[in-house]
Amino acid sequence: MHIHIGRTGSGQAVKISGSRNLTFENIAREAADRKGIEMIGIIDCHSPSVQEDIMKALDSGMMKELEGGGIEYQDTVILLGSEIEIRESGRGAAHVLAFFRDLSTMQDFTQWMSRYMKNVQLSSQRIYVEPRELQQEILDRGGILIPAHVFTPHKGLYGSMADRLADVFDLNGIAGIELGLSADSLMAGYISELDHFSFLTNSDAHSLGKIGREYNKIVMGTPSFDEFRLALKCKAGRHVSANYGLNPRLGKYHRTYCSSCNSILDEEAIVSSQERCPYCGSLKTVMGVFDRIMSIADRSKSSIPSYRPPYHYQVPLEFIPGLGKASMSKLLAVFGTEMSILHRASEQDIAAVVGEGLAKSIVMARNGTLELSAGGGGTYGKVVIKP
Ligand SMILES: [Zn+2]
Ligand SMILES: [Zn+2]
């Protein structure tokens, strides 16, 4: 639900830091042919040059628009979305996702948005309207609004903009919450206004291979925009039934980071934005997601509503010490996808391919028993290797 476009079919840049081959068509193929992902959200569909690619795919018959909203390519449904940067005076910036039912609605939204944006071709651009006005424009077009990576210090709503979502948006017009890499349901349970929202675990993929490293299991009828909306609202038996996300300790912004002495402050005590680094006394710290949540919490203990689905921690295979490119290719050749290795293959079967040591680490990753040092300041956490 958070896939960016790197380039269009004609080579025009959309997300500058994204890979060249992240085109609308290639993403659809990767999801359908290689990953078996039944629904994906592409969040640069507001870009007029991306819309040209979509029209080509529809005109050629390669893809088609669904009755219930969304675009079908083989067994995958693509939802048309946009990531937008908002800002209010005196506050930091934050990113939100907007999804619409069909291409013509997205084009109409682009028309409106282009009046308040410097370059509507590009990804995640700032819009110069009040957040509540943006929210109303999205809802008026039958769209869905989801605040993105809400806790991250860089452009997460709680991380850089406000202590409460209700200070920025009308809560009734929020469809769901994207947790981001450094937080999980347990951590979000410290903030009571989040109790009523479905959580999504997605992450921004900068290359085709990384698509689907985080994902959601959703109970729907046949996948479509309308069904997705029902699922977020937990209506008609539809719901998000499981979240699969990176173990938050491995996330790039889990704990506060001091840029003076380059320490990740993985301590018991939280270090909030006004405090000094306990090692060097500097105030040049980037606040971690964990530290931020604890400092804005309105509960002393996390509370998880009964409908909240299980959250499965993932330790991507590339984090496992000793598992290099050669072992990775062997495993993929036998088990097909990283997900089947991480979640389904037996220890015995893995051991037969890459040996007992690595098999044990993979199973420990699955069970959440590997020791992890926390990430922070833009650096991922690590699996701690015991001598
Ligand atoms: Zn973002
Ligand atoms: Zn320091």
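Laid out as a table, the results:
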read-out: Single match in 38, 52, 25 (criterion: under 18 Å from residue 103 (Cβ atoms) and either among the basic types (Lys, Arg) or under 24 Å from the mean Cα position of the chain (by Cα) (or both)); value: 25
read-out: Top-ranked residue of region 348-377 - restricted to ones that are in contact (Cβ under 8 Å) with a residue 40 or more places away in the chain and not in a helix (DSSP H, G or I), ranked as farthest from residue 327 (Cα to Cα); value: 377
read-out: Within region 328-342, tally of residues that are surrounded by fewer than 17 Cβ atoms within 10 Å (Cβ to Cβ) and either in contact with a Pro (Cβ under 7 Å, 6 or more places away or on another chain) or assigned to a helix (DSSP H, G or I) (or both); value: 7
read-out: Residue among 124, 160 that alone is assigned to a loop (DSSP other than H, G, I, E, B) and in contact (Cβ under 8 Å) with a residue 12 or more places away in the chain; value: 124
read-out: Conditions (1) open to solvent by less than 10 Å² (accessible area, probe 1.4 Å); (2) out of contact with any His (no Cβ under 8 Å at 6 or more places or on another chain); (3) not in a helix (DSSP H, G or I): number failed by residue 228; value: (3)
read-out: Members of region 127-157 found to be within 16 Å of ligand 1 (Cβ to nearest atom), surrounded by fewer than 24 Cβ atoms within 10 Å (Cβ to Cβ) and in a loop (DSSP other than H, G, I, E, B), listed by number; value: 127, 154, 155
read-out: In region 378-387, the residues that are assigned to a loop (DSSP other than H, G, I, E, B) and crowded, with 19+ Cβ neighbours inside 10 Å; value: 380, 381
read-out: Complete set of residues in region 282-323 that are within 16 Å of ligand 2 (Cβ to nearest atom) and open to solvent by less than 50 Å² (accessible area, probe 1.4 Å); value: 282, 285, 286, 287, 288, 291
read-out: Number of the exception - residue 97 against (1) among the hydrophobic types (A, V, I, L, M, F, W, C); (2) within 16 Å of ligand 1 (Cβ to nearest atom); (3) open to solvent by 20 Å² or more (accessible area, probe 1.4 Å); value: (3)
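The values are calculated or read from the model by the stated rules, or taken from the named source; none is laboratory data. Because the structure is a prediction, the values reported are computed rather than measured. Don't worry about glycine lacking a Cβ; one is built from the backbone with ideal geometry, like all the others, and counts go over all protein chains shown. We work out accessible area using only protein heavy atoms, side chains counted, and drop any ligands, DNA or RNA first. Shrake-Rupley method; radii C 1.70, N 1.55, O 1.52, S 1.80 Å.
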